[in-house]
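*Asks:* Dropping the structure in here first, questions after.
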Amino acid sequence: MSRDLHADRVELSIPATVEWLLLARTTGAAIASRWSFTYDEIADLKLAIDEFCLTLVEGPGAERLDLAYYLENDSLCLEGRTVLATPGSQAASDSGATGAVTFSADLSARILDALVDEHGISDGPGDGAKTAWLRKKRNPLS
Amino acid sequence: MEEEFEVAEHDGDIPVLAVRGEIDVSTAPELRDRLVQINQRGTTTVVVDLSEVSFLDSTALGVLVSGLKRFRSAGGDLRLVVTGRSVSKVLEITGLHEVFKIYETAEAAVSA
């Protein structure tokens with residue numbers, strides 16, 4: 001009997017630095033491929049996950065980014081939250097994890113609006129932490 | 001395996017920056033620095049060839065837009081070469097396909 005991969009939930013915890021966002025989006029692409037999303041849908045998801053993570057790590061104070069990928073109602077869902085640096089540990093950057101280039105929240109939001117069915121971000125838990133989610137529905141024909 | 005990011009400059013009356021790989025928040029600063037260097041040499045127009053770019057995010061767009069402003073304010077332009085669907089889609093989503101002059105080949109961009 002084969003295992004139902006669609007019931008799986010995948011969790012990833014990465015440092016909240018720009019070098020690790022590649023891992024977040026390639027993980028999402030690999031999971032979407034396993035869940036039979038189309039090539040175009042996977043390309044959209046890679047970009048959406050990148051923007052999603054940028055939105056979370058933008059700004060100072062985050063030390064880690066916790067992500068959870070799962071399939072629900074034929075949609076790939078992603079939940080993310082920043083884990084703040086504890087006293088004595090090293091935050092990603094004093095000026096924000098996106099550091100050397102300017103982050104455009106407007107461009108990022110436009111991309112997310114176009115590529116996924118639903119997305120959002122809220123403050124907390126805790127001062128300065130952020131929680132976000134996105135959902136992209138799979139093409140019913142795939 | 002991800003394609004390695006690379007920026008190569010081809011000299012000419014109008015220099016061409018040929019970019020390969022993924023332009024994201026960790027690689028975009030290198031593209032920005034190359035554009036600034038070219039501008040500081042007194043060059044007013046540059047072509048950025050994105051035909052070998054497989055991924056481009058909002059931070060890369062921000063670098064291209066700031067480069068466009070820099071070159072246009074010097075009386076020139078920043079022209080793009082775009083052939084891939086992933087790059088053209090991002091430009092269309094954000095409306096930037098109407099802001100940049102976009103060409104199918106570097107030769108066409110240089111001779112425009």
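*Asks:* Which of A:LEU22, B:GLY62, B:SER51 sits closest to the plus end of the dipole of the protein assembly as shown, meaning its Cα is farthest towards the positive end, when Lys and Arg get +1 and Asp and Glu get -1 on the C-beta?
*Replies:* B:GLY62
*Asks:* Rounded if a/c is under 1.5, else prolate if a/b beats b/c, else oblate: with a ≥ b ≥ c from the C-alpha gyration tensor eigenvalues square-rooted, which is chain B?
*Replies:* rounded
*Asks:* Within the range B:88-112, name every residue whose backbone N is under 15 Å away from a label modeled 7 Å from Cα of B:GLU6 along the Cβ vector.
*Replies:* Answer for this model: none.
*Asks:* Quick one: how many lysine pairs does the protein assembly as shown have with C-alpha atoms less than 28 Å apart and a gap of 8 or more or different chains? Give me the count, please.
*Replies:* So the count of such lysine pairs works out to 10.
*Asks:* Here is a further query. For A:ASP40 and A:ALA129, what is the calculated FRET efficiency with R₀ set at 30 Å and r taken between the beta-carbons, to the nearest 0.05?
*Replies:* Efficiency for this residue pair is about 0.35.
*Asks:* Rounded, prolate or oblate, given the Cα gyration tensor of the range B:1-45, with a/c below 1.5 counting as rounded?
*Replies:* The shape class here is oblate.
*Asks:* A:THR86 to A:THR26: FRET efficiency via 1/(1 + (r/R0)^6), r the Cβ-Cβ distance, R0 35 Å, to the nearest 0.05?
*Replies:* It comes to 0.80.
*Asks:* Helix check for chain B. Which DSSP H runs span at least 15 Å along their own axis by Cα, with a mean Kyte-Doolittle hydropathy no less than -0.5?
*Replies:* Within chain B the helices that satisfy the rule are B:58-73.
*Asks:* Only sites in a loop by DSSP and with at most 10 other Cβ atoms within 10 Å count here; which trypsin sites (Lys or Arg not before Pro) in the range B:22-112 make the cut?
*Replies:* Qualifying residues, ordered by number: B:ARG41.
*Asks:* Modelled label-to-label distance, A:ALA109 and B:GLU107, 7 Å Cα→beta-carbon offset: nm?
*Replies:* For the pair A:ALA109/B:GLU107, the computed spacing is 4.5 nm.
*Asks:* Which cross-chain or sequence-distant (5 or more) residues have an amide H under 5 Å from the amide H of A:GLY61, H modelled 1.01 Å from N in plane?
*Replies:* Under 5 Å from the amide H of A:GLY61 lie the amide H atoms of A:ALA92, A:SER93, A:GLY96, each far enough along the sequence or on another chain.
*Asks:* Next question. Taking each residue in B:92-98, count the Cβ atoms of any other chain within 10 Å of its Cβ, then average. What number comes out?
*Replies:* 3
*Asks:* At B:SER73 and A:SER122, where each label point lies 7 Å from the Cα along Cα→Cβ, what is the point-to-point distance in nanometres?
*Replies:* A separation of 4.1 nm, rounded to one decimal place.
*Asks:* Points 7 angstrom from Cα along the Cβ direction at B:SER88 and A:SER33: gap in nanometres?
*Replies:* Each label point is offset 7 Å from its Cα along the Cβ direction, giving 2.4 nm.
*Asks:* Using the Karplus equation 6.51 cos²θ - 1.76 cosθ + 1.60 (θ = phi - 60°), what ³J(HN,Hα) coupling, rounded to whole Hz, does each residue of the range B:7-16 give in order, writing x for Gly and Pro?
*Replies:* For the range B:7-16, the Karplus curve yields 10, 10, 9, 10, 5, x, 4, 10, x, 10 Hz.
*Asks:* May I pose another question? Determine the dipole magnitude for the protein assembly as shown: charges of +1 sit on the beta-carbon of Lys and Arg, -1 on that of Asp and Glu, nothing else is charged, the reference point is the Cα centre, and the result goes in debye to the nearest 20.
*Replies:* Using Cβ point charges on Lys, Arg, Asp and Glu, the protein assembly as shown gives about 280 debye.
*Asks:* Antiparallel as a % of all DSSP beta bridges within the protein assembly as shown, to the nearest 5?
*Replies:* 70 percent
*Asks:* Could I ask something else about it? With 10 angstrom as the radius, rank A:GLU63, B:GLU92 by how many other C-beta atoms surround their C-beta, starting from the fewest.
*Replies:* By the 10 Å Cβ count, ascending, the order reads B:GLU92, A:GLU63.
Quick note: the coordinates plus some simple rules give every number you see, no bench work behind them. Fair warning: this is a prediction, and the values are worked out from it, not measured in the lab. Ideal geometry is used to build each Cβ from the backbone, glycine not excepted, and the neighbour counts take in all protein chains shown.
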